[in-house]
Each structure stands twice: as C-alpha cells, then as structure tokens.
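Since the structure comes first, as structure tokens, the remarks are kept for the end.
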Amino acid sequence: MIDGNDNKRGKRSITSSRINRNGLHSGQAAPIFCLPQLDGTLLSLEEYREQRVLLVFSDPNCGPCNQLAPRLEQLHRRTTDLQVLMISRGTVEANLAKATSHQLTFPIVLQEQWKISREYAIFATPAGYLIEQGIIAASVALGCDAILALVTGGEEFMMEQMQTRLEALRKELETGQVEIERVEQRRQYLNATLLRISGAAQVLEELLAEKSSFAQNGTGMAQKHLDSAQADQANAQFADQNRALARDILIG
C-alpha cells in the first residue's frame with residue numbers, strides 16, 4: 001500500500017495539517033473531475049452520473065493495487081449495472097504496462113500527484129468509493145477486500161435474499177404437493193364411496209322389482225281362488241235345486 005500521508009518535506013506534521021485525510025462519508029457529493037485516459041482522451045465523472053460507480057484510487061507501484069486489478073476486471077466483466085473507474089498516478093507507460101499485464105478493459109485516468117486524492121480526502125492506495133448518482137454511497141474503503149465489499153456485499157445480500165426466497169418457494173411447493181396428495185386421497189375415497197352407494201342402490205332396485213313381481217303374482221292367485229269358490233257355490237246350489245225338483249215329481 002502506498003500512503004501519500006508521508007510528510008517528506010518535514011515542514012509540518014500530519015496531525016497539525018488541516019487537510020482532511022479520513023475520507024469522505026456517505027451522503028456527500030462526489031467531487032467532479034475530468035482527467036486524461038491512457039490514450040489521451042478526457043473522461044469526466046459526470047458521464048456516469050446515472051450509474052453506480054466503483055471509484056478506485058491506485059498506483060502502478062503499489063503491490064496490493066496490482067493484486068486488486070484482476071479482481072476489479074472480473075467484477076467489471078460480470079456486472080452490467082456497475083462502472084469500475086480507476087484513478088491512477090505515475091506515467092502513462094507504467095499504467096499501460098499494468099493494464100496490458102492484467103488485461104484491464106475498464107477506464108483508467110491519471111491524476112497529477114495527489115490532486116484528486118486530496119478532493120476525496122484519501123492519500124493511500126488502494127482506496128475506493130461507491131458512488132450512486134453523484135453521491136458517495138459508502139464511506140471510503142481501504143484495501144482489496146474492503147473495496148470489493150462495497151459492491152460484493154450488496155451482491156451477497158441479494159444472494160441471501162434470493163436463497164431465502166428459494167427456500168420459501170420450496171416449502172410452498174412441498175406444501176402444495178402434500179395438499180395435492182391429500183386431495184387425491186379424498187378423491188379416491190369419494191369415488192369408492194360413490195361405487196358402494198351405486199352398488200347398494202342397484203341391489204335395492206332389484207329387491208324392489210322382485211317384491212313388486214311377487215305381489216302381482218300373489219294377487220292373481222287370490223283372484224283364481226275366489227273365482228273357484230264362487231263356481232263351487234253355484235254348482236252346489238244348482239244340485240240342491242235339482243234334488244228338490246226330483247223329490248216334488250216323485251211325491252206328486
């Protein structure tokens with residue numbers, strides 16, 4: 001890590017300096033700058049006002065900065081809603097060599113000495129800020145892990161939220177499957193019940209038909225017995241009349 005707080009001139013101690021060296025805080029406006037890129041074209045922070053920006057202060061002679069560079073490139077390539085922007089020091093040649101070595105594709109601009117670092121109140125590298133719509137979204141981060149945590153921390157939170165939602169959906173799915181099984185079991189029970197009721201109704205219909213047929217047959221037999229009895233009575237009366245007639249003839 002390179003620290004620009006070292007007082008090489010020896011004229012005044014850091015503690016007596018009135019320059020803010022503790023970084024900007026969240027909620028403050030991000031200082032605007034317009035600096036040359038490695039190809040000489042100018043780049044302004046204003047161009048990314050509508051985007052989230054990970055602003056990283058670096059130096060080609062800073063070991064931790066060189067360790068951070070490929071990780072920043074990975075972040076730059078996999079995220080679409082975040083712009084990685086590096087402010088570096090040193091010569092164009094040194095920074096080009098670094099960019100080529102790590103195959104860096106995000107913008108790199110060069111500041112004179114610590115000019116922009118002073119506006120952002122930080123004189124060490126690597127250091128980073130997360131900027132959202134021109135506002136500092138989080139206090140300064142120092143070191144590789146702290147800088148990446150400015151954005152990966154949010155990603156981890158989103159991942160946790162997604163994991164929580166996934167678990168909730170899995171529980172809902174399990175509950176739904178249990179409910180489907182319960183409904184299916186109920187449906188099978190109702191089908192079996194309907195089959196039993198249908199069978200019982202068929203048996204009752206057959207019994208009623210049999211009883212009705214028996215009743216009709218029984219009425220016919222009773223009528224036959226009645227007719228036969230009436231015929232026997234008529235025959236008996238006719239015989240009595242014949243016997244009375246014969247007796248009258250014999251007497252007369």
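The values are calculated or read from the model by the stated rules, or taken from the named source; none is laboratory data. Note that this is a predicted model, so its numbers are computed, not measured. Neighbour counts are summed over all protein chains in view; Cβ atoms, including those assigned to glycine, are modelled from backbone coordinates with ideal geometry.
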> Among the residues of region 104-112, is any within 18 Å of residue 32 (Cβ to Cβ) and among the hydroxyl-bearing types (Ser, Thr, Tyr)?
Replying inline: no
> From the residues in region 66-83 that are polar (S, T, N, Q) and part of a helix (DSSP H, G or I), which one is nearest to residue 104 (Cα to Cα)?
Replying inline: 74
> In region 96-113, what residues are assigned to a loop (DSSP other than H, G, I, E, B), over 41 Å from the mean Cα position of the chain (by Cα) and either charged (D, E, K, R) or modelled with pLDDT of 95 or more (or both)?
Replying inline: 111, 112
> For residue 93, which of the numbered conditions (1) farther than 16 Å from residue 106 by Cβ; (2) modelled with pLDDT under 95; (3) not hydrophobic (A, V, I, L, M, F, W, C) fails to hold?
Replying inline: (2)
> Out of region 19-65, which residues are crowded, with 17+ Cβ neighbours inside 10 Å, in a loop (DSSP other than H, G, I, E, B) and touching a Gly at 6+ places or on another chain (Cβ under 6 Å)?
Replying inline: 30, 60
>> Among the residues that make up region 120-131, is at least one of them in contact with a helix residue (DSSP H, G or I) (Cβ under 7 Å, 6 or more places away or on another chain) and assigned to a helix (DSSP H, G or I)?
In response: no
>> Return the residues of region 105-137 that are under 20 Å from residue 77 (Cα atoms), hydrophobic (A, V, I, L, M, F, W, C) and touching a His at 6+ places or on another chain (Cβ under 8 Å); say none if nothing qualifies.
In response: 106
> Would region 150-170 turn up any residue that is in a helix (DSSP H, G or I), over 24 Å from the mean Cα position of the chain (by Cα) and closer than 28 Å to residue 90 by Cβ?
Replying inline: yes
>> Taking the conditions exactly as written (out of contact with any Cys (no Cβ under 8 Å at 6 or more places or on another chain), part of a strand (DSSP E or B) and either at pLDDT below 90 or of a type in the set (A, V, I, L, M) (or both)), does residue 116 satisfy them or not?
In response: no
> Filtering region 102-119 down to residues that are without any contact (Cβ under 8 Å) to a residue 40 or more places away in the chain and in contact with a helix residue (DSSP H, G or I) (Cβ under 8 Å, 6 or more places away or on another chain), which residue is nearest to residue 137 (Cα to Cα)?
Replying inline: 106
>> If residue 167 satisfies all but one of (1) within 19 Å of residue 23 (Cα to Cα); (2) outside the structural domain of residue 34 (by TED's automatic domain parsing); (3) exposed (fewer than 15 other Cβ atoms within 10 Å of the Cβ), what's the number of the condition it fails?
In response: (1)
